[in-house]
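I have placed the structure first, in the form of structure tokens, so that the comments after it can refer back to it.
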Amino acid sequence: MATHQVSREVVITVDDLKKAFGQNEVLKGITTSIHRGEVVCVIGPSGSGKSTFLRCLNLLEQPTSGKVVVDGVEVTDPDCDIDKVRADMGMVFQQFNLFPHLSVLDNCTIAQVTVRKSNKAEAEKRARSNLERVGLLDKEAAFPGQLSGGQQQRVAIARALSMEPKLMLFDEPTSALDPELVGDVLSVMRKLASEGMTMFVVTHEMAFARDVADRVIFMDGGYIVEEGHPDEVIGNPQHQRTRAFLDRVLNPTSVGQIGGEDEAYAERHQSEPEADGDGDISTLSPGQPGQIGRST
Amino acid sequence: MSTVTADPSSKPRLSPRKRAQRMRWAQYAVLGIVTILAISMANWSQIQSVFFRGDMIHETLTQGLPNAFKNTIVYTLGAFVFGLVLGTMLALMRLSSVGPYRWIATTYIEFFRGLPAIVVFIAFGLLPLAFNGLVIPFDPYGTVWIALGLVGAAYMAETIRAGIQAVPKGQVEAARSLGMPTGTATRKIVLPQAFRIITPPLTNELILLVKDSSLVYILGLSAQGFELTKYGRAIANTNANLTPLVIAGFCYLLITLPLSMVVRRMEARQKKER
Ligand SMILES: Nc1ncnc2c1ncn2[C@@H]1O[C@H](COP(=O)(O)OP(=O)(O)O)[C@@H](O)[C@H]1O
Ligand SMILES: [Mg+2]
């Protein structure tokens, strides 16, 4: 049950957004909008373009065509100052992507100091108040490598919040976590939602989507297949594809139900190249530094 | 019954453990024999007078060894700093989206890596003659720093580029998503991590430079500018004795061995951290 206020003010408008990687058209025309204070959850099978959609919103991927407007600024305009837009738009990654060479506190201050030009004391004050929000004030001196995955992801949220963003993007924030650590991250996100943060969340956590989202978007094959109130999309899906997906997610152990339209779905996804995982390029592992340099 | 293993006439086969043990004994035996032969056949007094002559040791230590030692270090460090700055620039150029920068950097790197370093030194020795009136600042240090640094930069550029590429892409994305421009993300996020990854190979590069600084002997230097090799060689030549070179060699080991140990320690620690 979403308990917060959603205003009529539009924060993000997406108009006929398309994105292709070479010949592979991943987004085939997405049109939607997000309102101030709204929590939108995006669900859908792996490889359906959820991450690409999210990353097109802050131009980590350059859309092939279409229009994205954030807070009145058209980010798809080549002359747009994208750094300025990004500073107001927090992003949380599946792999956390904390800066491993900086302490937890410095992770939360570096962008404030370099981008916002805040002075150090101010930046640290803001960082601490956000670390407190995610329950990790006592870890400010630790380095990311010393934290559990769940703690790292909460620091990543605090890092994004320290920029005082107008909205937050989450790309499967709990998918890389051990099951027992998922709850802590989700409860931080619930709290954020109840405080009125505008949130755009790609997730496989159906309970979270059902309880927190004001709107659920189901994506498949590069299209928005269905969107609406979670009670509608999750509770009473209208499309066969949505039903098949939810069935797989909510009853992962049951087999033998594949048939009919579901087979067509399976075939379509077989023909996709690189259907491994969700194709998230942020998960690339570093090379082996042992081989660098000439030997003595 | 025709099973081979049951044949009582064949010799009993040794277990693998026993065989390995015998092999080890055989190896110790060979080593021992060779050592005894070498010791009994060598002319020890001659060896000592050629490599470790007392008065030569004294002369080498007192005539100006500290100065030569200092020069080796100064030549090496200057070249390392110059090479590191130039190498970082070249690495960033190689990764630039501007084509001509990439081509220039690639050409430079291939050129200086394909060339014997001694050719560069010969060229630098001739430069002031070829260009009338050319003065390289801080002579002779400036000349050595530039000559050695130009070559070192080519190798370091490749190391640094590999280090930059070893930083996960998500790091840049996280930095950019916070609003950092490319330059800030590179300076504050990518380079610090890249340099941490490449500290061991860069230290190896430093070791190579220590050794390459001996190429200075090609340049016409005053005695004040002599480094270890040239210093040792000068005394060795006038006395037809190898003792000064042995001492010079020992001084190199004094610098390079601790550095190698540091590298090995760092590599072990990085391995553990992955
Ligand atoms: N940088 C990229 N280069 C090429 N193909 C990509 C890239 N990123 C994503 N893709 C492809 O786009 C498709 C959708 O990926 P993605 O948006 O990550 O899906 P999802 O997040 O829904 O699992 C996949 O087929 C993937 O292989
Ligand atoms: Mg994804």
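The values are calculated or read from the model by the stated rules, or taken from the named source; none is laboratory data. Treat the numbers as computed from the prediction; the structure is a model and nothing was measured. Positions of Cβ are generated from backbone atoms using ideal geometry, with glycine treated the same way; all protein chains shown enter the neighbour counts. The protein model used for the area step is the full one, side chains on, heavy atoms only, and it has no ligands, DNA or RNA in it. Shrake-Rupley method; radii C 1.70, N 1.55, O 1.52, S 1.80 Å.
Whether any residue in the range B:117-131 is surrounded by fewer than 14 Cβ atoms within 10 Å (Cβ to Cβ) and either within 14 Å of chain A (Cβ to nearest Cβ) or in contact with a Lys or Arg (Cβ under 9 Å, 6 or more places away or on another chain) (or both) is what I want to check. No, the conditions are met nowhere in the range B:117-131. Considering the range A:55-104, and only residues there that are facing another protein chain (nearest Cβ under 8 Å) and within 16 Å of ligand 2 (Cβ to nearest atom), the residue that is nearest to A:Ala158 (Cα to Cα) turns out to be A:Met91. The condition of being on the phi > 0 side of the Ramachandran plot, more than 16 Å from ligand 2 (Cβ to nearest atom) and not aliphatic (A, V, I, L, M) holds for only one of A:Gly183, A:Gly196, that being A:Gly196. Is it true that some residue in the range A:163-171 is farther than 22 Å from A:Ile34 by Cβ and either within 16 Å of ligand 1 (Cβ to nearest atom) or crowded, with 18+ Cβ neighbours inside 10 Å (or both)? Checked against the condition, which is being farther than 22 Å from A:Ile34 by Cβ and either within 16 Å of ligand 1 (Cβ to nearest atom) or crowded, with 18+ Cβ neighbours inside 10 Å (or both), the range A:163-171 yields no hits at all.
Out of the range B:156-177, which residues are facing another protein chain (nearest Cβ under 7 Å) and open to solvent by less than 10 Å² (accessible area, probe 1.4 Å)? Result: B:Thr159, B:Gly163, B:Ala166, B:Gly170, B:Ala174, B:Ser177.
Of the residues in the range B:197-215, none is open to solvent by 70 Å² or more (accessible area, probe 1.4 Å) and touching a Pro at 6+ places or on another chain (Cβ under 8 Å). Could you check the range A:26-58 and list, in sequence order, the residues that are open to solvent by 10 Å² or more (accessible area, probe 1.4 Å), more than 9 Å from ligand 1 (Cβ to nearest atom) and under 16 Å from A:Val225 (Cα atoms)? Listed by number, the residues that qualify are A:Lys28, A:Gly29, A:Thr31, A:Thr32, A:Ser33. Selection of the range A:128-147 for residues being within 20 Å of the chain's Cα centre (by Cα) and open to solvent by 20 Å² or more (accessible area, probe 1.4 Å) yields only A:Arg133. Within the range A:36-63, residues that are free of Cβ contacts under 8 Å to residues at least 60 places away in the same chain and in a loop (DSSP other than H, G, I, E, B) sit with their Cβ atoms under 7 Å from residues that are within 12 Å of ligand 1 (Cβ to nearest atom) and of a type in the set (Val, Ile, Thr), at 6+ positions apart or across chains, in these pairs: A:Glu61/A:Thr52. Would you call A:Cys108 in contact with a Ser or Thr (Cβ under 9 Å, 6 or more places away or on another chain), within 16 Å of ligand 2 (Cβ to nearest atom) and modelled with pLDDT of 95 or more? Spelling it out, it is not the case that A:Cys108 is in contact with a Ser or Thr (Cβ under 9 Å, 6 or more places away or on another chain), within 16 Å of ligand 2 (Cβ to nearest atom) and modelled with pLDDT of 95 or more. Taking the range A:154-268 and the strands (runs of 3 or more DSSP E) fully enclosed by it, no element has 3 or more residues that are at pLDDT below 95 and within 30 Å of A:Arg116 (Cβ to Cβ). Against the conditions (1) facing chain A (nearest Cβ under 7 Å); (2) surrounded by fewer than 23 Cβ atoms within 10 Å (Cβ to Cβ); (3) in contact (Cβ under 8 Å) with a residue 12 or more places away in the chain, B:Pro192 satisfies every one except (3).
Is there a residue being open to solvent by less than 10 Å² (accessible area, probe 1.4 Å), assigned to a loop (DSSP other than H, G, I, E, B), within 14 Å of another protein chain (Cβ to nearest Cβ) and closer than 19 Å to A:Pro173 by Cα anywhere in the range A:105-118? Checking the range A:105-118: not a single residue is open to solvent by less than 10 Å² (accessible area, probe 1.4 Å), assigned to a loop (DSSP other than H, G, I, E, B), within 14 Å of another protein chain (Cβ to nearest Cβ) and closer than 19 Å to A:Pro173 by Cα. Taken over the range A:19-54, the residue count meeting the criterion of being of a type in the set (Val, Ile, Thr), away from chain B (no Cβ under 14 Å) and within 16 Å of ligand 2 (Cβ to nearest atom) is 5.
Tell me which residues, restricted to the range B:224-238, are buried (at least 19 other Cβ atoms within 10 Å of the Cβ) and part of a helix (DSSP H, G or I). Within the range B:224-238, B:Gly225, B:Leu228, B:Thr229, B:Lys230, B:Tyr231, B:Gly232, B:Ile235, B:Ala236 meet the criteria.
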